[in-house]
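The values are calculated or read from the model by the stated rules, or taken from the named source; none is laboratory data. For clarity, every value in this text was computed on a predicted model and none was experimentally measured. A quick note on method: Cβ atoms are made from the backbone with ideal geometry, for glycine too, and the neighbour counts reach across all protein chains shown.
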Amino acid sequence: MASLDSALFFIIYSLAGHFVWSDFLIIFFGEYLIYIVLLIFVYFGYLAYKKRKNVALLRPYIGALLASGVAYGIVQMVRLFYHHLRPFAAYGIPHLLTDNAYSFPSAHTTVLFALTTATYFFNKKLAKFIFIAGCIVGLARIAGGVHYPSDILGGMIFGAAISWILYKAYLSLSK
């Protein structure tokens, strides 16, 4: 399994280092797209509130952000116990992105997939956008040399599972 992970890593990583414009896109998507997605998400929450001036309409947006925050916290706890070197450190290769924490799971994809899953329960179109952005961020972080494909897949699974569990807990507590 590790050899498949490494092979897939090197296939995607080979996209970097050829052109200035493609390296720029890898850096932009891998480092900054998450913040743009979060701003767009907050803007959609603002629009939902502004449309009817009802604070209750903000609940699902706040819940989705809380789920993403919980997911991020869980990633940090996992990294305390599971130490997986980043590819650039493990292989001593050049990298476009830098991160000093351990690589598994990807915090970027965990947060975005927690947000995707939580958003899916109340706004499927917005969730689709966040899902696509999360996939792009994940691929860019592999191409940038800071994650293996398994780190991205783990982040997707962690993020979706955490949001789903929190959503089910919310439903059972609100009865």
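Things worth noting here:
- A count restricted to region 1-16 and to residues that are loosely packed, with under 15 Cβ neighbours inside 10 Å and assigned to a loop (DSSP other than H, G, I, E, B) stands at 2.
- Residue within region 135-147 that is over 16 Å from Pro87 (Cα atoms), assigned to a helix (DSSP H, G or I) and either of a type outside the set (A, V, I, L, M, F, W, C) or more than 9 Å from the chain's Cα centre (by Cα) (or both) present: yes
- Among the residues of region 63-121, the ones that are closer than 16 Å to Met156 by Cα and not in a helix (DSSP H, G or I) come to 4 in all.
- So Leu126, is it closer than 25 Å to His18 by Cα, among the hydrophobic types (A, V, I, L, M, F, W, C) and part of a helix (DSSP H, G or I): no
- Number of the exception - Thr98 against (1) surrounded by 11 or more Cβ atoms within 10 Å (Cβ to Cβ); (2) modelled with pLDDT of 85 or more; (3) of a type in the set (S, T, N, Q); (4) more than 15 Å from the chain's Cα centre (by Cα): (2)
- Near pairs, Cβ below 8 angstrom, 6+ apart or cross-chain, from region 47-62 (farther than 22 Å from Leu166 by Cα) to any residue that is of a type in the set (Phe, Trp, Tyr) and surrounded by 10 or more Cβ atoms within 10 Å (Cβ to Cβ): Ala48/Tyr61
- Near pairs, Cβ below 9 angstrom, 6+ apart or cross-chain, from region 1-13 (over 10 Å from Pro149 (Cα atoms)) to any residue that is among the small types (Gly, Ala, Ser): Met1/Ser150; Ala2/Ser150; Tyr13/Ala143; Tyr13/Gly144; Tyr13/Gly145
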